[in-house]
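Visitor: Encoded as structure tokens, here's the structure I'll be asking about.
The values are calculated or read from the model by the stated rules, or taken from the named source; none is laboratory data. Worth saying up front: this structure is predicted, and the values here are computed from it rather than measured. Cβ placement follows ideal geometry from the backbone for every residue including glycine, while neighbour counts extend to all protein chains displayed.
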């Protein structure tokens, strides 16, 4: 991979260099994949949606200006919108998903099936708790706590002022503490940054 | 649950990484080629209509037509503008009144105000052709109001479930949502201009591929300058519905404008009930009109 920053790769992609966009995908596919899993709790869905996030980023390129060196906050913001509008996105991207279908000899979805199922079950438990928060707060818990974005990066991802991120996340943490441990003690993991 | 950590991150499957990267690169190349063909086609069309006009525009620096200030826009710019116009903005009260006319000539009016900032607020009403009026106001704080026009009374309750919603569950059809769906479907295309009630409107049509098998046609007309909705003609399996946007305005979220979202403010003379049973009783015992 090149040493270009994401911003430079994005500029090159806009100039018509498809390989630069391919490199952006290679850099961030894993983070986007894990973010999607942590939002939907299903590895197969996360896998399908990963490329869709990049396609959607390209589709909206005229509205997008990459201010930071890293494209990850932007990609996670796009992923958040796709998950929020799943029904619409599914319809729009159905053809793309069909074109992307992978030959079975190159990839077996049954690898590590036991571990994957256990992870999905665990993720569903966590998402069950998270689901008791307003959606806007859920976004921030996953971005800032589980994906370890800074407040500034999360603000970029969700197009919010940094102050709103801070106050909303603080509110979310307070609520989660109440949900996880009525005594008010922070529970490990969900709240620790 | 033994702890509250999500599972460890997994690498994106290597076999898929290469294959999907290739796919994305080919999509981007194809997309750029398509756009390039479209631009060439536009240039050719302009050429056949009036090459001299193009030359004249070039001499004056291509101002006006391609500069973006005038009402004429090209393809995706209008779609984007139309989408922006129906996308809620922070800190604004969106006020919409729609008159709908169905193919059987029945009409209805739908009017609503919405505020999408925290805490969100929504007020909506639907008037049917039989004269019924239903109106509700809800907000994230849990306040839930219902207004009955016949008895001029309001039922006001606290609904804790509202606090869990990040946006209101809108009673009836959300046409703004449906329009956003149309504009982001990838099937909407600009199809010329026409005048609607003296306004310059851009026609946006839904070009649905024939293989979808649905006989439907949507013509959505937006203000050529602002992209705001003017009219939506929906034709589906012989059933037509025309929606006219009589009012479409974005108001600043001042206390005065937020007052529109409170039924007590809207109907100051109404009797307010907090007990649902008493409200029902008032409705049941009111003389029929």
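Visitor: Would you be able to say whether some residue in the range A:25-38 is at pLDDT below 85, in contact with a helix residue (DSSP H, G or I) (Cβ under 8 Å, 6 or more places away or on another chain) and facing chain B (nearest Cβ under 9 Å)?
Guide: No, the range A:25-38 has no match at all.
Visitor: Could you figure out which of (1) at pLDDT 85 or above; (2) closer than 21 Å to residue B:9 by Cβ; (3) touching a helix residue (DSSP H, G or I) at 6+ places or on another chain (Cβ under 7 Å) isn't true of residue A:145?
Guide: Among (1) at pLDDT 85 or above; (2) closer than 21 Å to residue B:9 by Cβ; (3) touching a helix residue (DSSP H, G or I) at 6+ places or on another chain (Cβ under 7 Å), residue A:145 violates only (3).
Visitor: Next up: For the range B:92-110, name all the residues that are at pLDDT below 85 and at negative phi.
Guide: Across the range B:92-110, the qualifying residues are B:102, B:103, B:104, B:106, B:107, B:108, B:109, B:110.
Visitor: Okay, moving on. Does residue B:189 satisfy the condition of being in contact with a helix residue (DSSP H, G or I) (Cβ under 9 Å, 6 or more places away or on another chain), modelled with pLDDT of 70 or more and surrounded by 14 or more Cβ atoms within 10 Å (Cβ to Cβ)?
Guide: Yes; evaluated as a whole, the condition is true for this residue.
Visitor: Is it the case that some residue within the range A:46-61 is surrounded by fewer than 15 Cβ atoms within 10 Å (Cβ to Cβ), within 12 Å of chain B (Cβ to nearest Cβ) and modelled with pLDDT under 90?
Guide: Yes, the range A:46-61 contains at least one residue that is surrounded by fewer than 15 Cβ atoms within 10 Å (Cβ to Cβ), within 12 Å of chain B (Cβ to nearest Cβ) and modelled with pLDDT under 90.
Visitor: Since residue B:58 meets every condition but one in (1) part of a helix (DSSP H, G or I); (2) at pLDDT below 50; (3) under 23 Å from residue B:240 (Cα atoms), which condition does it not meet?
Guide: Unmet condition: (3).
Visitor: Pairs only if they're at least six apart or on different chains, beta carbon under 6 angstrom, first in the range A:4-26 and part of a loop (DSSP other than H, G, I, E, B), second modelled with pLDDT under 90; list them, first residue then second.
Guide: A:5/A:69; A:16/B:32
Visitor: Would you mention how many residues in the range A:111-126 are within 9 Å of another protein chain (Cβ to nearest Cβ) and in a helix (DSSP H, G or I)?
Guide: Residues flagged as within 9 Å of another protein chain (Cβ to nearest Cβ) and in a helix (DSSP H, G or I) within the range A:111-126 amount to 9.
Visitor: Limited to the range B:78-115, what total is found for residues that are assigned to a loop (DSSP other than H, G, I, E, B) and touching a strand residue (DSSP E or B) at 6+ places or on another chain (Cβ under 8 Å)?
Guide: The qualifying residues number 5.
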